[in-house]
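Colleague: Quick one: structure below, then a few questions.
The values are calculated or read from the model by the stated rules, or taken from the named source; none is laboratory data. Quantities reported herein were computed from a predicted structural model and do not represent experimental measurements. When we count neighbours, we look across all protein chains shown, and the Cβ atoms used for this are built from the backbone with ideal geometry, even at glycine.
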Amino acid sequence: MSATADMPKSEMIRRSMRCYVLGWWSWVPLLGFVMAMLAFADFRAVVNGMGRRWNAGRTRLLLGAWLAGIGIIITLLTGTIITLAILDSIAHG
Amino acid sequence: MNALPIVRRELLVLSRRRWFYWLRSGVGCAIALVSCIVFAVTWNVATKQGLGAPLFYTVTFMSYLVSVLAGPVLLSDCIAEEKVAGTLGLLFLTNTRSHDIVGGKFIALAMPAIHCLLAAIPIMGIAFALGGVTGEEFLRSTAALLNTLFFSLAGTIFCSALASSGRQAFGFSLVLVLGCCGGMTAILLTWPKAAFTSFWLPRMLASPGLAFWNAPDAVYSANPSAFANAIGISHGLGWALLAGAMLRLPFCWRDQPREANSEASYEKCARATKQRMTDPLTWLARRRLGGTMAAWILAGASVLVIGGFYLATGQGRIDGMAVVFAAYALHGVFKVWVAWVSSRAFGTERDSGALELLLVTPLGETAIWRAWLNGLRQRFLIPALALVAFDLLLAWNAAANAAGGFGEVSIFFLTMLAALIFLMDCYTLTWTGLWSGLVARNATRACVRTLMFTLIIPGAFFLNAAIAASVTGMLTPGSLIVFALSWFIVSFLLDLILGALAMVRLSHDCREAVVNRS
C-alpha cells in the first residue's frame with residue numbers, strides 16, 4: 001500500500017494554502033514561532049502524502065515554508081535582542 | 001609501456017568535456033571574486049609594504065584545502081568502481097599492466113585538480129606583486145601546494161586499490177589525507193615536546209602539512225631545513241603510495257570466496273533474513289548505506305581533537321580561535337561525508353537497475369525515498385547529536401571559566417548557533433543529496449552539486465572574510481558576533497530554500513527523474 005493514498009487531493013491543496021497563510025503569520029515576532037511550526041507541520045504532511053499527483057498549491061507550499069523560515073529568523077533575532085537587553089539591564093542594575 | 005596512449009586518450013576525452021572548461025573558468029573567477037572581497041576588506045588596514053599578505057595567505061589557505069580534498073573527491077572511485085563493476089579483470093586481459101592503469105587514471109583524473117590549482121597561482125602572484133610576500137615565500141608555498149595535491153591524489157589512488165567499494169575508498173582516503181595534512185600536523189605543532197614526536201613515523205606522516213606550515217618566511221627563517229625535509233619526505237611518501245597502488249592492483253581484482261560456515265556468519269545471515277522479511281526496503285537501504293560504526297569513529301575523533309585543542313588553550317599553548325577553526329573544519333568533514341553518502345545512495349541503485357525494479361512494484365516511490373532517508377538518519381543522527389552535545393558542553397565550560405565580558409555570554413551563544421546550523425546543514429544535505437544522486441550523471445557530480453550551495457559558497461565566503469579579518473587584526477569580539485550572526489542567517493536561509501525544494505522535488509518528481517535519467 002502506497003503512502004501517497006493517505007491524503008485526499010482536496011486536503012493536500014487546503015494544507016498547501018494553509019502553509020502559505022501560516023508562513024505569513026509567522027513573521028509576527030515571538031508569537032510567529034508557533035505559526036512557523038504549524039506551517040512546517042503542514043509542509044511535511046503534504047510532502048509525505050503528495051506522491052506523484054499534481055498539486056495546484058505547490059508554489060504556495062514552497063513559499064509558505066520559506067516564509068516560515070524567515071519568520072523563525074525574525075523571532076530568533078528579536079528574542080536575542082530582548083535577552084541581551086535584559087542581561088545588560090541586570091548587569092548594570 | 002601503454003600508459004601514454006591511455007593518458008592521451010583520457011586527456012582527449014577530458015578536453016572535449018564542457019564542464020572541464022567551465023570548471024577552470026569558474027574556479028579562476030571564484031578565486032578572483034574572493035580576492036577582491038578580501039582586498040576590499042583589508043586594503044585600508046594593511047600597511048603599504050604588506051598590502052598583499054592578507055590576500056596571499058587567504059588564497060594559499062583556500063588552495064591548500066582544495067588540494068587536500070581533491071584526492072578523495074576526484075579519485076576515490078577510480079579503481080574501486082572498476083572492481084565493483086568487474087571491469088578491472090577485463091583490463092588485465094588486454095596488453096595493459098598495473099602501472100599503465102594507475103598512471104593513466106592518475107594523470108587523467110588529476111587534471112581537474114591541477115587546473116584548479118593553476119587558476120589560483122596567478123592570484124597568489126598578484127598578492128606577491130602587491131608586496132608583503134617575498135619571491136622565495138611565493139615559490140615555497142606553490143611547491144608545498146603542488147606537493148600536497150600530489151600526496152592527496154597518490155594516497156587516494158592507493159586507498160582505492162585497497163578498498164572494495166567507492167564508499168570505502170572515500171572513507172579510507174579521507175582519513176589518510178586529513179590525518180596526514182591536518183590532524184597529525186596539528187598534533188605535532190600543538191605538542192612539540194611530547195615523547196611521540198621524536199619518532200620518525202609521526203613526523204613522516206605529518207610531512208605534507210608541515211611543508212605547508214613551514215613555507216611562510218616567519219616560520220621558515222627559524223628552521224630552514226624543516227621545509228626541505230618535509231617537502232622531500234612527503235614527495236617520497238606520495239611516490240611510495242603510487243608504487244603501493246601499482247603493486248596491489250594485480251592482486252585485488254579477483255572475487256574472493258565468501259566464508260559462510262562459521263556460527264557468527266550464520267547468525268548474521270539469520271538476522272538479516274528476519275529483517276528482510278519485516279521491512280525489505282529499510283534492509284536494502286541500510287545494507288547499501290552501511291553501519292553506524294564509521295560515523296561514530298569520526299564523531300569520536302572529532303571529540304578527541306577538539307577536546308585536545310581546548311585543553312591546549314586552557315594551558316595557554318594556542319589561541320582560542322584555533323579551537324573554533326578546528327571545530328569548524330571537523331564539522332565540515334562530517335557534513336561532507338553526509339553529503340557524499342546521501343548523494344551516492346540512489347546512484348548505486350540506479351546504475352544497477354535496482355531502483356527501476358523497485359519502482360515497478362506496488363511499494364510506491366514515497367516508501368522508497370523514505371526508507372533511504374531513514375537509513376541515513378539511523379546512520380548519522382545520533383553521532384551528530386553526540387558531537388553537538390560535546391560542543392555545547394565545552395562551550396558551557398568555557399563560558400563558565402571565562403574572565404567575564406565577552407566570554408560569559410558570547411561563547412555559549414555562538415556555539416549554540418553553530419550547533420543549530422550544523423544539524424540543519426546535515427538534514428538539508430541528506431535531502432539535497434538524495435535528489436542530486438537521482439538526477440546527476442555520476443556520484444562525484446552529485447556530491448559537488450549537493451555541497452556547492454549548502455557548504456562551499458557560504459563557507460568560502462565567510463572563512464575568507466574571517467581569515468582576512470584575523471590577519472589584519474579586525475577580528476574583535478564585536479565583529480566576530482556580527483560575522484557569526486550573518487553566517488547563521490545566510491546558512492539558515494540557504495538550508496531552508498534548498499531543503500524545501502529538494503523535499504518537494506523528491507516527493508513529486510522522483511519517478512520522472514529515474515525514468516529520464518535511465
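Colleague: Given (1) in contact with a Phe, Trp or Tyr (Cβ under 6 Å, 6 or more places away or on another chain); (2) crowded, with 16+ Cβ neighbours inside 10 Å, where does B:ASP77 come up short, assuming only one miss?
Modeller: Going through (1) in contact with a Phe, Trp or Tyr (Cβ under 6 Å, 6 or more places away or on another chain); (2) crowded, with 16+ Cβ neighbours inside 10 Å one by one, B:ASP77 breaks only (1).
Colleague: Being in contact with a Phe, Trp or Tyr (Cβ under 7 Å, 6 or more places away or on another chain), within 14 Å of another protein chain (Cβ to nearest Cβ) and either surrounded by fewer than 22 Cβ atoms within 10 Å (Cβ to Cβ) or in a helix (DSSP H, G or I) (or both) is the requirement here; does B:LEU355 meet it? Give the derivation first.
Modeller: Details: in contact with a Phe, Trp or Tyr (Cβ under 7 Å, 6 or more places away or on another chain): yes; within 14 Å of another protein chain (Cβ to nearest Cβ): no; either surrounded by fewer than 22 Cβ atoms within 10 Å (Cβ to Cβ) or in a helix (DSSP H, G or I) (or both): yes.
For B:LEU355, the condition - in contact with a Phe, Trp or Tyr (Cβ under 7 Å, 6 or more places away or on another chain), within 14 Å of another protein chain (Cβ to nearest Cβ) and either surrounded by fewer than 22 Cβ atoms within 10 Å (Cβ to Cβ) or in a helix (DSSP H, G or I) (or both) - is not met.
Colleague: Does B:ALA513 qualify as being over 25 Å from the mean Cα position of the chain (by Cα), surrounded by 17 or more Cβ atoms within 10 Å (Cβ to Cβ) and modelled with pLDDT of 75 or more?
Modeller: So B:ALA513 fits the description; yes.
Yes or no, residue by residue, for (1) in contact with a Pro (Cβ under 9 Å, 6 or more places away or on another chain); (2) among the charged types (D, E, K, R); (3) surrounded by 18 or more Cβ atoms within 10 Å (Cβ to Cβ):
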position	(1), (2), (3)
B:ALA113	no, no, yes
B:ILE126	no, no, no
B:PHE138	no, no, yes
B:LEU146	no, no, yes
B:ILE157	no, no, yes
B:LEU178	yes, no, yes
B:GLY182	no, no, yes
B:THR185	yes, no, yes
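Colleague: Also, I was wondering about something else. Here is a list of conditions, (1) within 14 Å of another protein chain (Cβ to nearest Cβ); (2) among the hydrophobic types (A, V, I, L, M, F, W, C); (3) surrounded by fewer than 18 Cβ atoms within 10 Å (Cβ to Cβ), and B:TRP369 meets all of them except one; can you say which number that is?
Modeller: Failing condition for B:TRP369: (3).
Colleague: May I pose another question? Confirm whether A:MET17 is more than 13 Å from chain B (Cβ to nearest Cβ) and surrounded by 19 or more Cβ atoms within 10 Å (Cβ to Cβ). I'd like the intermediate steps shown before the answer.
Modeller: Numbers: more than 13 Å from chain B (Cβ to nearest Cβ): yes; surrounded by 19 or more Cβ atoms within 10 Å (Cβ to Cβ): no.
No; evaluated as a whole, the condition is false for this residue.
Colleague: Test each condition in (1) crowded, with 18+ Cβ neighbours inside 10 Å; (2) at positive phi for B:ASP391 and report the one that comes out false.
Modeller: Going through (1) crowded, with 18+ Cβ neighbours inside 10 Å; (2) at positive phi one by one, B:ASP391 breaks only (2).
Colleague: Here's a follow-up. From the list B:GLY375, B:GLY316, B:GLY347, exactly one residue is in contact with a Gly (Cβ under 6 Å, 6 or more places away or on another chain) and either crowded, with 21+ Cβ neighbours inside 10 Å or not in a helix (DSSP H, G or I) (or both). Which is it?
Modeller: Working: B:GLY375 fails: in contact with a Gly (Cβ under 6 Å, 6 or more places away or on another chain); B:GLY316 fails: in contact with a Gly (Cβ under 6 Å, 6 or more places away or on another chain).
Sole residue among the options that is in contact with a Gly (Cβ under 6 Å, 6 or more places away or on another chain) and either crowded, with 21+ Cβ neighbours inside 10 Å or not in a helix (DSSP H, G or I) (or both): B:GLY347.
Colleague: Also, quick follow-up: Which one is nearest to the other protein chains (Cβ to nearest Cβ) among residues in segment A:64-82 that are more than 18 Å from B:ASP495 (Cα to Cα) and of a type in the set (Val, Ile, Thr)? Steps first, please.
Modeller: Filtering segment A:64-82 down to residues more than 18 Å from B:ASP495 (Cα to Cα) leaves A:78-82.
Next cut, of a type in the set (Val, Ile, Thr) only: A:78, A:80-82.
Working: A:THR78: 13, A:THR80: 8, A:ILE81: 11, A:ILE82: 14 Å.
Restricting to residues being more than 18 Å from B:ASP495 (Cα to Cα) and of a type in the set (Val, Ile, Thr), the top hit is A:THR80.
Colleague: In this structure, is B:GLY89 loosely packed, with under 15 Cβ neighbours inside 10 Å, touching a residue at least 12 places away in the same chain (Cβ under 8 Å) and either part of a helix (DSSP H, G or I) or among the small types (Gly, Ala, Ser) (or both)?
Modeller: Details: loosely packed, with under 15 Cβ neighbours inside 10 Å: yes; touching a residue at least 12 places away in the same chain (Cβ under 8 Å): yes; either part of a helix (DSSP H, G or I) or among the small types (Gly, Ala, Ser) (or both): yes.
For B:GLY89, the condition - loosely packed, with under 15 Cβ neighbours inside 10 Å, touching a residue at least 12 places away in the same chain (Cβ under 8 Å) and either part of a helix (DSSP H, G or I) or among the small types (Gly, Ala, Ser) (or both) - is met.
Colleague: Another question, if that's okay. For segment B:113-232, which helices (runs of 4 or more DSSP H) that fit wholly inside it have 2 or more residues that are farther than 17 Å from B:TYR57 by Cβ? Lay out the reasoning, then the answer.
Modeller: On the way: elements: B:135-162, B:166-178, B:184-190, B:200-205, B:207-213, B:217-220.
Because the criterion is at least 2 residues that are farther than 17 Å from B:TYR57 by Cβ, the helices (runs of 4 or more DSSP H) in segment B:113-232 that meet it are B:135-162, B:166-178, B:184-190, B:200-205, B:207-213.
Colleague: Also, I was wondering about something else. Out of all the residues in segment A:29-63, which are buried (at least 16 other Cβ atoms within 10 Å of the Cβ), more than 9 Å from every other protein chain (Cβ to nearest Cβ) and either part of a helix (DSSP H, G or I) or hydrophobic (A, V, I, L, M, F, W, C) (or both)?
Modeller: Residues satisfying the conditions are A:GLY32, A:PHE33, A:MET35, A:ALA36, A:LEU38, A:ALA39, A:PHE40, A:ASP42, A:ALA45, A:ARG60, A:LEU63.
Colleague: Would you mind finding the one in B:ALA129, B:ALA163 that is over 25 Å from B:LEU14 (Cβ atoms) and either acidic (Asp, Glu) or over 16 Å from the mean Cα position of the chain (by Cα) (or both)? Outline the logic, then answer.
Modeller: Numbers: B:ALA163 fails: over 25 Å from B:LEU14 (Cβ atoms).
Among B:ALA129, B:ALA163, only B:ALA129 is over 25 Å from B:LEU14 (Cβ atoms) and either acidic (Asp, Glu) or over 16 Å from the mean Cα position of the chain (by Cα) (or both).
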